[in-house]
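Notes follow once the structure below has been shown.
The values are calculated or read from the model by the stated rules, or taken from the named source; none is laboratory data. Not measured: the values here are computed from a predicted model. Quick reminder, even Gly has a Cβ in these numbers, built from the backbone with ideal geometry, and neighbours come from all protein chains shown.
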């Protein structure tokens, strides 16, 4: 990405402005999302948690896990408006996607609020990673990529909204599967519902666009996917144990303890299984849509 | 994506870290708005019984006027989807309080439902029109908010003051006026719901500015004032919301005539002679409030149709 690209003003051609449904699958998602908006302060019984009986060490571990969750979710607070702008800047992009993204951002705001509140209950939200080496891994500046004209929009959507959001969904399902503490379960059930829609958005958009993508555009998609795997996934953004440039042992330990305590986490091993299984499924799904994602080698796990 | 040649000092090109990520620093008033927005959701798809809405009582003339009016509203609301989200990126860049960052996400979603319901109404009454007439384009196109929000050299406070405390405040008061004149139940309901949302949007602007103004330098306060003046003179008084303020053209005359037809039937519009005092009162109230609360003095505005305001 060049700085020059980020200082130019993209020109929008607003009219003719088509507001009709173009992608029925995404229109349905939009409709579903509108019906599932809720207020964390009012719709969750924050006293329903059973945290008093949980050991301090377990609470501390979970606090670390849930604070990290808030940091990751927060990425969307700037990324989604940027992506929405990008859809509006590109002529002829579908209004269903634009409308959906507005609700997606509401859901992200809800989840940031929820993860922050729960971290507070666990002993206090942490404003940054204990190890500063994590900061560049988590601080991805997706909003800049989303608005960068050098990054093709379709490639961006496939990498971040289909592949990445799909992985997030599977990880949250794993967190939920391990959650016994009632409040954690409630919050993760809400999260999974939202993240299911987010992943469906990405995959539905690819399904809609796949037929019209040129060979060159498909090549861009593959490059972006590989780049995302190498620089984001393998850096430990979602699955800390994948990191090779940062010592993830403290994160893994926290995950292990929080998972065992039923506080809505997954162990490193569980997360890696989720990743492997998900990538295998996603690769087949991409292949069926004409996107051949090659195996990408992780320094420790080998080709994935 | 086509790219214009103009370059500026964009926040996107600046190094930035989200850490320390403060989520506990709150703005209580904006937090209340966030909560109210999340609990006051409504759905354009179901808020009106679209299949049951009987068009027989409407004349052809009224239907045509309604489709034009709501198409125009859809274009206006769409601007808040296509441009204002840049403000949220800016809020994150400027590390503003969590409530401001989170509230604006919901605010954009509310704007999308305004665009959606406007589109649905236009469709219902004969079909949404996807573009204004050529000679009317200048009155309904971009505010330039996207560019302003991303420009490091433009304080975000000036954009909020102009867009929210000025432009949206004018719309809010115009809508309150139109609501009083509207008797058709479905259209009245739509105005009520949009008004409820817009009241929160305006409240956000004033709460936001109350917290930020004390932090601004005199030069930045000057930028706030200039931005408000530009918004009122170049956008509002150019007919962005009120067709009778737009430069005379066949399209603006058609719009004015359409609004008259709707006003006569209580179908959610007003006319120049009634809107003019509301506009003047709104602009005067904005000037008074900015002087009183911000110690910022706006100039006298002028438009051939209103004289000095």
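Things to note:
- Enumeration of residues in the stretch A:278-304 that are in a helix (DSSP H, G or I) and either surrounded by fewer than 14 Cβ atoms within 10 Å (Cβ to Cβ) or touching a strand residue (DSSP E or B) at 6+ places or on another chain (Cβ under 7 Å) (or both): A:280, A:281, A:284, A:287, A:288
- The lone exception for residue A:130 - which of (1) part of a helix (DSSP H, G or I); (2) more than 8 Å from every other protein chain (Cβ to nearest Cβ) it fails: (1)
- Qualifying residue in the stretch A:239-260 (condition: in contact (Cβ under 8 Å) with a residue 12 or more places away in the chain, in a loop (DSSP other than H, G, I, E, B) and at positive phi): no
- Cβ-Cβ under 8 Å pairs, at least 6 apart or on other chains, the stretch B:121-135 side on the phi > 0 side of the Ramachandran plot and surrounded by fewer than 22 Cβ atoms within 10 Å (Cβ to Cβ), far side outside any loop (DSSP other than H, G, I, E, B) and modelled with pLDDT of 90 or more: B:126/B:63; B:126/B:64; B:126/B:66; B:126/B:67; B:127/B:67
- The listed residue being in contact with a helix residue (DSSP H, G or I) (Cβ under 6 Å, 6 or more places away or on another chain), within 7 Å of chain B (Cβ to nearest Cβ) and either under 30 Å from residue A:19 (Cβ atoms) or at pLDDT below 95 (or both), out of A:109, A:97: A:109
Results for (1) out of contact with any strand residue (DSSP E or B) (no Cβ under 6 Å at 6 or more places or on another chain); (2) more than 10 Å from chain B (Cβ to nearest Cβ); (3) over 30 Å from residue A:266 (Cα atoms), shown as yes or no for each residue.
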residue	(1), (2), (3)
A:24	yes, yes, yes
A:29	yes, yes, no
A:38	yes, no, no
A:86	yes, no, yes
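- Residue check: residue A:150 meets all listed conditions (1) within 14 Å of another protein chain (Cβ to nearest Cβ); (2) over 19 Å from residue A:80 (Cβ atoms); (3) outside any loop (DSSP other than H, G, I, E, B) but one, namely (3).
- Residue B:123 vs. criteria closer than 21 Å to residue B:202 by Cα and more than 7 Å from chain A (Cβ to nearest Cβ): no
- When we screen B:97, B:51 for residues that are more than 11 Å from chain A (Cβ to nearest Cβ), closer than 23 Å to residue A:29 by Cα, out of contact with any strand residue (DSSP E or B) (no Cβ under 9 Å at 6 or more places or on another chain) and modelled with pLDDT of 95 or more, the only hit is B:51.
- Within the stretch A:11-36, considering residues that are at pLDDT below 95 and surrounded by 19 or more Cβ atoms within 10 Å (Cβ to Cβ), the one nearest to residue B:112 (Cα to Cα): A:14
Yes/no matrix, rows are residues, columns are (1) at the interface with chain A (Cβ under 9 Å from one of its Cβ atoms); (2) over 19 Å from the mean Cα position of the chain (by Cα):
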position	(1), (2)
B:19	yes, yes
B:24	yes, yes
B:28	no, yes
B:34	yes, no
B:58	no, yes
B:61	no, yes
B:76	no, no
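Residues checked against (1) surrounded by fewer than 20 Cβ atoms within 10 Å (Cβ to Cβ); (2) without any contact (Cβ under 8 Å) to a residue 24 or more places away in the chain; (3) at the interface with chain B (Cβ under 7 Å from one of its Cβ atoms):
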{"residue": "A:105", "(1), (2), (3)": "no, no, yes"}
{"residue": "A:136", "(1), (2), (3)": "yes, yes, no"}
{"residue": "A:156", "(1), (2), (3)": "no, no, no"}
{"residue": "A:165", "(1), (2), (3)": "no, no, no"}
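- Checking the stretch A:57-69 against the condition returns no match, with no residue being touching a residue at least 12 places away in the same chain (Cβ under 8 Å), under 30 Å from residue A:153 (Cβ atoms), facing chain B (nearest Cβ under 8 Å) and buried (at least 23 other Cβ atoms within 10 Å of the Cβ).
- Given (1) more than 8 Å from chain B (Cβ to nearest Cβ); (2) part of a loop (DSSP other than H, G, I, E, B); (3) at pLDDT 95 or above, number of the condition residue A:48 does not satisfy: (3)
- Within the stretch A:254-277, being within 21 Å of residue A:225 (Cβ to Cβ) and buried (at least 19 other Cβ atoms within 10 Å of the Cβ) holds for A:271, A:274, A:275.
- Residue check for residue A:266: under 21 Å from the mean Cα position of the chain (by Cα) and either assigned to a loop (DSSP other than H, G, I, E, B) or at pLDDT below 95 (or both): yes
Every residue, every condition in (1) modelled with pLDDT under 95; (2) closer than 25 Å to residue B:187 by Cα; (3) in contact with a helix residue (DSSP H, G or I) (Cβ under 8 Å, 6 or more places away or on another chain); (4) assigned to a loop (DSSP other than H, G, I, E, B), yes or no:
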residue	(1), (2), (3), (4)
B:262	no, yes, yes, no
B:269	no, yes, yes, yes
B:275	no, yes, yes, no
B:282	no, yes, yes, no
B:292	no, no, no, no
B:296	no, no, yes, yes
B:299	no, no, yes, yes
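- From the options B:113, B:72, residue that is out of contact with any strand residue (DSSP E or B) (no Cβ under 6 Å at 6 or more places or on another chain), buried (at least 22 other Cβ atoms within 10 Å of the Cβ) and at the interface with another protein chain (Cβ under 9 Å from one of its Cβ atoms): B:113
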